[in-house]
Amino acid sequence: MPNSILRCTALALLVFGCTSLHAQSAPAVLKLNQVTEQALVDALAVDQPGAQDMAKTRSIRPMARSAPTQQPRAAAGRSNILITFRTNSADLTEESKHALATVAKALQSDKLAGFAFSVEGHADPRGSAELNQRLSEARAQSVVAQLVSAHGIGSERLVPIGKGSSELLDAEHPAAPENRRVTIVTRQP
């Protein structure tokens, strides 16, 4: 069985499915008990262009280039994490702080150490658009503050962004917990 199929199967066992309003498939949401360092590294890793070619420098043989056989992973560089907050608050719960310790380990891994990330806060649509925007911004900033102060992640690597309630993962159930989430997105160098 190809390695990519095994990786996708393993990742599918770690996450639950959700619907997306976007044309491209969104990554599933990692619940607090599903957040592992390896699942995050796999989700956030972005292949560097030309990395495969650079590995083949020991013996140079002129030959025609063929088209790449491996397709890019869907939603590479993006991970939805169900970080929970108290109602109408940006205060992290103890469970969320524990999950963010795992996120910090993943961000410090060799595979992700050279990247910067957007930390996107999302809210469900139960409040006004203005309230949801402010709340999602405060939640993203709360996650960044925790990663920086408690785990030593460089603040220059993390950009908090509030998305309000504009990107629901479960539009049929607006109050669903996966609509109140944090998404970490790998920023291209």
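Quick note: the coordinates plus some simple rules give every number you see, no bench work behind them. Keep in mind that what you see is a predicted model, and the values were worked out from it rather than measured. Reconstructed Cβ throughout: ideal geometry from the backbone, glycine too, with neighbour counts over all protein chains shown.
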If I stretch the segment between Ala145 and Ser166 completely, what's the gain in nm (0.36 nm per residue apart, minus their alpha carbon distance), one decimal?
5.2 nm
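Out of every Cα pair in region 76-189, what percent are spaced more than 19 Å from each other? Please report the intermediate quantities before stating the final value.
Working: 2569 of 6441 pairs.
Here the long-distance tail beyond 19 Å is 40 percent of all Cα pairs in region 76-189.
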Nonlocal amide H pairs with Arg78, under 5 Å, H built at 1.01 Å:
Thr186
Sort Arg180, Arg126, Arg157, Arg86 so the one with the fewest other Cβ atoms within 10 Å of its own Cβ comes first.
Arg86, Arg126, Arg157, Arg180
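Find how much the distance from Ala116 to Glu130 grows on full extension, using 0.36 nm per residue of separation minus their present alpha carbon separation; answer in nm with one decimal. Show your work: numbers first, answer last.
Details: separation 14, 0.36 × 14 = 5.04 nm, distance 2.78 nm.
Gain on extension, Ala116 to Glu130, equals 2.3 nm.
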For Arg139, Arg187, ascending order of other Cβ atoms within 10 Å (fewest first) is Arg187, Arg139
Given labels modelled 7 Å from the Cα in the Cβ direction, how far is it in nm from Ser109 to Asn88?
3.9
